[in-house]
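Visitor: This is the structure I have questions about; it appears just below.
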């Protein structure tokens, strides 16, 4: 029994135990669910400084070597601990969600813990086939979680399973190609990465890239996230597509781009282009959404673009920024999804046109969502700013002004669409149907999870140097306070991505560009203080309230509202953007829908063959046997 | 050779019943006939013309015994198959009974709920 097994075995065993407990032991389900998640987080946190590898031979499948090999390095260590933390918060939130409701907490916690086990397995796996197995486990649990408890979750779950299944297939094929060509051990692969200059290596890289993109949700393989969002528990959205799937997808992307392969300029440019297009395309789609969960899910797609862009630059600052953004995105996106879940639980709707004026009645939800919305928009001094700043600098270092513009513009549009969210949900006059809404129906678990995440948004923003120096920097082989070299590698790997801004050490006051979060926070605090003092000294009235004059008529709250759904409607009429958005909204660009259209005629033929009569099936069986006999006799 | 032909004919009769007849009991009978055709065929495989029973007496020479005795393996197999066949027949009849209670009919062509 090795310590490295703990983050996999604890959630796996507790998850299975919860699955087989009788359904009426609800309290025990909750206890085991939260306890198992806490134990996983504890194991991850205790092991965060452990480095090492263990391996047990498992089976040799005729050339496919499957060993149970685990390895903890500077990258997987904090990723495992963070996955555990997200599981704890989701479990705590789920306790509130299920309070006073029907539904099956047992299934929810079982799938949640098994998904955590699978995610930790992916992060720790040191054998390519083992990685695929754990990767599949997470996909399966995503499907089960999405379909648990709600009828309307089924189509989204099916679509997610279809798109992720395509990605998983690409992963399996890519991994088997690598294994047959070189080695099944990830450590050995990282010791001598494949130079992606031949067509066969480029093919392997692209296959793995497809898997990473499908998992993380980059365009055009993102379409499962918005569809799934419309019918799934908010906490499921927060945990899997919001946090863990991002971690896994970007983990794989970072591994293949820095550790397993040495991609050429063309591939890097392709990754960056996909990233930039994802940022802009998804944020435009988000702006015109009317459903809160769907809007958030497009942002979940859009933020992936930053990670792709950062890792795609190949500079150390870009990779660090991309990985830090992965962490930050998981935090604020989970916070936003959980907030949306609280709003839905109390109001029963996600329609931005019907919500409004909830700031007074749901202050904790508002506070958490406000901080997270500012963080996702890249407002200093929050964590989203810190990681986006690194990515901006990476674009400058890589001399890619177009990508810099895309990233900055994407941030601005993100802020714009969150102004819409905050206005429609929290500000403005309250419609009468929202009158009975109160916060806190779910007990302490739901606000606790949200406020913790919002607090992390602030802490990781103000003290951004701490995770960068201690965890994310070492993951790319950067010593704390050390000098920067141009080429980024994982674990100080000697021959990874070609340098972009020169391999010579660059002398900078701070190892990661010009970001100095503490100084920035101090300056901002001083600025705000000065402003407040000025306002106080000048007797400035910050807020004036006057009754609205509507031509002498009695004021009707419901009629005289300005719901945020009308914001940015004009975006759809812009010359180039409008048609693209309509095309996207109609599903023309969705590979899943395209496959559906292509597959329908084939399915129709097959359906006609299904007569439902015993004798027809018997006939097919006999025909098959006859063919087999004919082949056997012939050979 | 005649016995092989008999097995083939029985197989044909059974398949005809299975494929063509619409009455479920006739299908059951057809399947039982197929089963016995296969049993007969297997027995034939191990049979030696004029062979002795595969029981070796003390002092009998091994080579001579193997040359004369029929192969016991198909016999054991078929014995098992007959017993399993009995259970199968019971199961099929019981299911047929349930189908009749559910549909009020034994016409296999009217049970097409798996269509499409």
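Visitor: By count of other Cβ within 10 Å, fewest leading, how are A:116, A:414, A:347 ordered?
Guide: If I rank by nearby Cβ atoms, fewest first, I get A:347, A:414, A:116.
Visitor: Follow-up question, since we're still on this one. Once the Cα atoms of helix B:72-103 and of chain B are each reduced to a long axis, what angle between those two axes, in degrees from 0 to 90 to the nearest 10, is obtained?
Guide: Rounded to the nearest ten degrees, it is 10.
Visitor: Also, quick follow-up: Taking neighbour counts of Cβ atoms within 10 Å as a proxy for exposure, in what order, fewest first, do A:67, A:351, A:573 appear?
Guide: Ordered by Cβ neighbours within 10 Å, fewest first: A:573, A:351, A:67.
Visitor: Helix B:24-46 against the longest principal axis of chain B: what's the angle in degrees, Cα atoms only, rounded to the nearest 10?
Guide: 10 degrees
Visitor: Any idea what diffusion coefficient chain B gets from Stokes-Einstein, in µm²/s, Kirkwood Rh on alpha carbon pairs, 37 °C, 0.692 mPa s?
Guide: 195 µm²/s
Visitor: Ranked highest first by the average count of other Cβ atoms within 10 Å around their residues, in what order do A:305-311, A:383-389, A:138-144, B:79-85 fall?
Guide: A:305-311, A:383-389, A:138-144, B:79-85
Visitor: Express the Stokes-Einstein translational diffusion coefficient of region A:591-634 in µm² s⁻¹, to the nearest whole number, given a Kirkwood radius over alpha-carbon pairs, 4 °C and a viscosity of 1.567 mPa s.
Guide: 102 µm²/s
Visitor: Per residue of B:106-112, count partner chain C-beta atoms within 10 Å of its C-beta, then hand back the mean as an integer.
Guide: What the average comes to for B:106-112 is 3.
Visitor: What do you get for Rg/Rh of region B:55-102 when both radii come from the Cα atoms and Rh is the Kirkwood radius?
Guide: Dividing the radius of gyration by the Kirkwood radius yields 1.44.
Visitor: Further question on the same structure: For chain A, what does the relative contact order come out to in percent, with C-alpha contacts under 8 Å and a separation of six or more?
Guide: Relative CO of chain A lands at 13 percent.
Visitor: Once you average over the residues of A:604-617, how many Cβ atoms of partner chains fall within 10 Å of each Cβ?
Guide: That average works out to 4.
Visitor: Rounded to whole Å and sorted largest first, what semi-axes of the equivalent ellipsoid does the C-alpha gyration tensor of the protein assembly as shown yield via the square root of 5 times each eigenvalue?
Guide: The three semi-axes for the protein assembly as shown are 60, 35, 25 Å.
Visitor: In cubic angstrom, how much convex hull volume per residue do the alpha carbon atoms of region A:114-261 span?
Guide: Expressed per residue, the convex hull around the Cα atoms of region A:114-261 is 86 Å³.
Visitor: I would also like to ask the following. Angle between the Cα long axis of helix B:2-20 and the longest principal axis of chain B, 0 to 90 degrees, nearest 10?
Guide: That works out to roughly 10 degrees.
Visitor: Also: Extent of region A:545-623 along each principal axis, from alpha carbon coordinates, in Å, largest to smallest?
Guide: Principal-axis extents of region A:545-623 (Cα, largest first): 85, 35, 18 Å.
Visitor: Same structure, new question: In whole angstrom, how far apart do the alpha carbon centroids of region A:142-193 and region A:108-129 sit?
Guide: 12 Å
Visitor: Work out the P(r) tail for region A:1-118: percent of alpha carbon pairs separated by more than 19 Å, whole number.
Guide: I get 50 percent for the Cα pairs in region A:1-118 exceeding 19 Å.
Visitor: Extent of region A:77-128 along each principal axis, from alpha carbon coordinates, in Å, largest to smallest?
Guide: Taking the Cα atoms of region A:77-128, the three principal extents are 43, 19, 8 Å.
Visitor: Another question about this same structure. With only alpha-carbon atoms counted, please give the Rg and Dmax of region A:223-328, in Å.
Guide: Gyration radius and largest Cα-Cα distance of region A:223-328: 14.2, 43 Å.
Visitor: Helix-derived [θ] at 222 nm for chain A: sum -39500 (n - 2.57) over DSSP H runs of at least 4, divide by residue count, nearest 500?
Guide: -21000 deg cm²/dmol
All of the numbers you see were taken from the coordinates with simple rules; none came from a lab. Please read all numbers here as calculations on a predicted model, not as lab measurements. Virtual Cβ from ideal backbone geometry, glycine too; neighbours counted across all protein chains shown.
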